[in-house]
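Any read-out appearing in this document is the output of simple, stated calculations on the displayed coordinates, not a laboratory observation. Just so it is clear, the structure is predicted and the values come from calculations on it, not from any experiment. Cβ placement follows ideal geometry from the backbone for every residue including glycine, while neighbour counts extend to all protein chains displayed.
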Amino acid sequence: MIKIPTPIMPSDEELMNFTKRQLQIHEGLRMDKWSDGLKMLSTPFLVIEIPKELFYSIVDYEKRDSNKIREELDKIVGSYFVGDYEKSFFKLITRSGKDLGVLPVTNAEDILDQMWSSMRLFDDMCYLHRDADACKLIIRPFVDYNINNEWRVFIKNREVVGITQYDIYNSYKGDINEMLHRLTELIALTLNNTDLDIFVADYYIETDATKSMKSHLIELNPFGLSDPCLLDYNNMNCQIATHLYR
Ligand SMILES: Nc1ncnc2c1ncn2[C@@H]1O[C@H](COP(=O)(O)OP(=O)(O)OP(=O)(O)O)[C@@H](O)[C@H]1O
Ligand SMILES: [Mg+2]
């Protein structure tokens, strides 16, 4: 006979501890807490605070009036979608909804569509909603990234233990030595602007001087949690992984 486990309901305290643990993992990485020095290395972004109650009603939306949620969110975010932010990239303080594809947002409705259909966003909102300081949206002007120029760098004890091409399917077409030169400069600047010992940094590296988009930091991630792309967390030892060499 199949043994069915006894259902348990975690206490509020246990749930809150879970939220705290998850947020601890992101300490020092969260874009809403970036120093000005880190911001200088990246593209601009806005941090928009959302009342805890509204954030929770988005998580618990099946029981609520979705039109009302849309109206309330629009009152808070609607005015931000102007100028460079007319078409934006949206994420939480933890992750984006890239499991839907990288899609722009232009209003509250687009944000809710992503929140309600992305597993990554929904998973994160399920614990973020318990901490008012974590109920924030980040928007940045939407840019047309060439994914082949994105690199993920693994830092442990403030040393580079791995570098991988972000896109695991395509081969890198650029000049690898020039790319490494620019990447090394950005890694040094990143380390100058954070006390973190261990993290994963994502960079966009442009080696073509005629392109208007310049090399920059995209974001920081928790070590061990982010997709290691072409590497393996268990044996990272100053490797650089790219399809170029295949
Ligand atoms: N401003 C932007 N405009 C358009 N696309 C963007 C923008 N910022 C990031 N992206 C794209 O979306 C991807 C995911 O963005 P980001 O790294 O900020 O979110 P994430 O969910 O933490 O992703 P990851 O799993 O790589 O850590 C980036 O690798 C990049 O290709
Ligand atoms: Mg990330």
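Overview of values
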quantity	calculated
Burial ordering of K39, K91, K3, fewest other beta-carbon atoms within 10 Å first	K3, K39, K91
MRE, 222 nm, helices only [DSSP H, n ≥ 4, -39500 (n - 2.57), over the chain, to nearest 500]	-9500 deg cm²/dmol
Relative exposure of W151, W116, judged by other C-beta atoms within 10 Å (fewest first)	W116, W151
DSSP-loop GluC sites (Glu not before Pro) across region 1-105, with at most 10 other Cβ within 10 angstrom	E27
Listed residue (H129, I176, S96) projecting farthest to the positive dipole end of region 96-246, Cβ model	I176
Residue exposure sequence - V153, V143 - by fewest surrounding Cβ within 10 Å	V143, V153
About the Cα centre, charge dipole magnitude for region 29-131 (Lys/Arg +1, Asp/Glu -1 at Cβ), debye	300 debye
Compactness of region 26-109 - radius of gyration and Dmax, Cα, Å	14.2, 43
Summed residue charge, Cβ within 15 Å of S215's Cβ, Lys/Arg positive, Asp/Glu negative	-4
Between helix 66-77 and the chain: long-axis angle, C-alpha atoms, 0 to 90°, nearest 10	50 degrees
The chain: Cα Rg divided by the 2.2 N^0.38 Å rule of thumb	1.10
Percent breakdown of C-alpha pair distances by 10 Å bin, ordered from the shortest bin, for region 147-245	16, 53, 28, 3
